[in-house]
Amino acid sequence: MAAVSILHTVFGVFGDAAGLFLFLAPTITFQRIITNRSTEEFSGVPYPMTLLNCLLSAWYGLPFVSENNALVTVINGAGAVIEGVYVVVFVMYAPKKEKRKVVGLVGFVCVAFATVVLVSVFGLAGDTRRCFCGFTAAVFSVIMYASPLSILRTVIRNKSVEFMPFFLSLFVFLCGTSWFIFGLLGNDPFLYVCNGFGSLLGALQLVLYSIYRNNTGQKDEKQATKEGGSAMEMGLVDENQHP
């Protein structure tokens, strides 16, 4: 039992480290946004949605909701702060239509998170509270991991990984795998199911990278961006916007 507890903590620390790199990956994008003073064609949707995932996961990790998940709260609390900064910067430089969309999503995030908090505190207790918060957090974790699926389609179509950064794919795999094992060791299905999906998705990205890493691709950067080519690093592309 002691060995399991130690491994549980070790993989939690690994998960925190990989998660931090994953949350910091879009800083390259935001350097570009700040330099150009424009969000160009990139959608702000992933950032408030990831913010909601972080808030819900951080809430689930609190001791009075679930036991032995403090490390889940640590990384997702940090992630919520980072994603909040991304949202603010994006809104500053986004065109009016995209700005209204992101602000509306932030309103949805606030209402959804407040609802989960109020229901879990005043309406539920014990294992029922844990299941409610865990299921809600797991759903949005799957959504977060699934958001780069458009890039996989583009990689296969163009036979190029130019717009799928290796290290970002690596940290998706490491983060998902670490929390998957953490959840298994802690017998927590709300952690190992969604993060198992993330681990498989990260592994698929790495396999595609190994297959197409030497290819130059068939389309230029502008066309690939329109089709979601930068989705992994810059967020999902809004195909309804044009330069």
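The values are calculated or read from the model by the stated rules, or taken from the named source; none is laboratory data. These numbers come from a predicted model, not from an experiment. All Cβ positions, glycine included, derive from the backbone under ideal geometry; neighbour counts span all protein chains shown. Note: areas computed on protein heavy atoms with side chains; ligands, DNA, RNA excluded. Shrake-Rupley method; radii C 1.70, N 1.55, O 1.52, S 1.80 Å.
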- Among (1) assigned to a helix (DSSP H, G or I); (2) open to solvent by 50 Å² or more (accessible area, probe 1.4 Å), where does residue 151 come up short? (2)
- Query: Hey, residue 123 hits all of (1) under 26 Å from residue 195 (Cα atoms); (2) exposed (fewer than 11 other Cβ atoms within 10 Å of the Cβ) but one; which does it fall short on?
  - Reply: (1)
- Query: Only one of 185, 174 is at pLDDT 85 or above and in contact with a His (Cβ under 8 Å, 6 or more places away or on another chain); which?
  - Reply: 185
- Answer yes or no as to whether residue 10 is free of Cβ contacts under 8 Å to residues at least 12 places away in the same chain and either of a type outside the set (S, T, N, Q) or closer than 20 Å to residue 186 by Cα (or both). yes
- Message: Residue pairs, Cβ under 6 Å, 6 or more apart or interchain, first in segment 186-201 and among the aliphatic types (A, V, I, L, M), second not in a loop (DSSP other than H, G, I, E, B). List them.
- Response: 191/179; 191/183; 201/145
- Query: Identify, please: which residue in segment 175-218 is part of a helix (DSSP H, G or I) and polar (S, T, N, Q) and is, among those, most open to solvent (accessible area, probe 1.4 Å)?
  - Reply: 210
- Task: Evaluate segment 42-58: report whether one residue or more is among the hydroxyl-bearing types (Ser, Thr, Tyr), in contact with a strand residue (DSSP E or B) (Cβ under 9 Å, 6 or more places away or on another chain) and in contact (Cβ under 8 Å) with a residue 12 or more places away in the chain.
- Result: yes
- Task: Output the residues belonging to segment 114-141 that are hydroxyl-bearing (Ser, Thr, Tyr) and free of Cβ contacts under 8 Å to residues at least 40 places away in the same chain.
- Result: 115, 128
